[in-house]
Amino acid sequence: MSGGNLRASLSDCIDKILGVREQIGAQLADVDIVVRTWSGQRQGDGTYTDVVTRLSPAPQIVDYSHNIRVTEAGAVKSGDLILRGISPNYSESDLKTITSAKNTEKFYRLGKNYYTCIHVRERLVTWDVHIRKVSEDETERG
């Protein structure tokens, strides 16, 4: 069986499999993608409006920040997270936080913290996303 056939055969049931963690309440946090559009010409100009999309099924949240071997290599910094097992129903562009519009920002939100995408990795039937905390989000400013 080739990889394409395996992918096709798993595509019908993968969201049900990934959703088990959520169904039993074992996810660490809900994960949202926030698209923030500013009323001005660029980010930070004027007022903003957020459109929030919850990642469903909820991905596994992996924290490597206490693993000295990984952080010393420089790939992962303290506070970084890996979101594992993201549904194949999302595209790579859905998962990246790069936007083409100058007045639009895109983040991941876990609890009250906001993150940007460092890297998106395609697995056989899921996505993994490496995210890094934003130092200060607009909602945290006083």
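Label sites at D30 and R54, each approximated as a point 7 angstrom past Cα along Cα to Cβ, lie 0.4 nm apart. With each label modelled as a point 7 angstrom along the Cα→C-beta vector, the E22-N113 pair spans 2.2 nm.
Per-residue 3J(HN,Hα) values for segment 38-55, derived from phi via the Karplus relation 6.51 cos²θ - 1.76 cosθ + 1.60 with θ = phi - 60°, read 8, 6, x, 6, 9, 4, x, 8, x, 10, 10, 10, 9, 10, 10, 10, 7, 6 Hz in sequence order (x marks Gly and Pro). Cross-link partners for K106 among the lysines, with Cα-Cα distance under 25 Å and sequence neighbours closer than 8 places in the same chain left out: K77, K96, K133.
We did not get these values from a lab; they are worked out from the coordinates using the rules stated. Note that this is a predicted model, so its numbers are computed, not measured. Note that each Cβ is placed from the backbone with ideal geometry, even for glycine, and that neighbours are counted across all protein chains shown.
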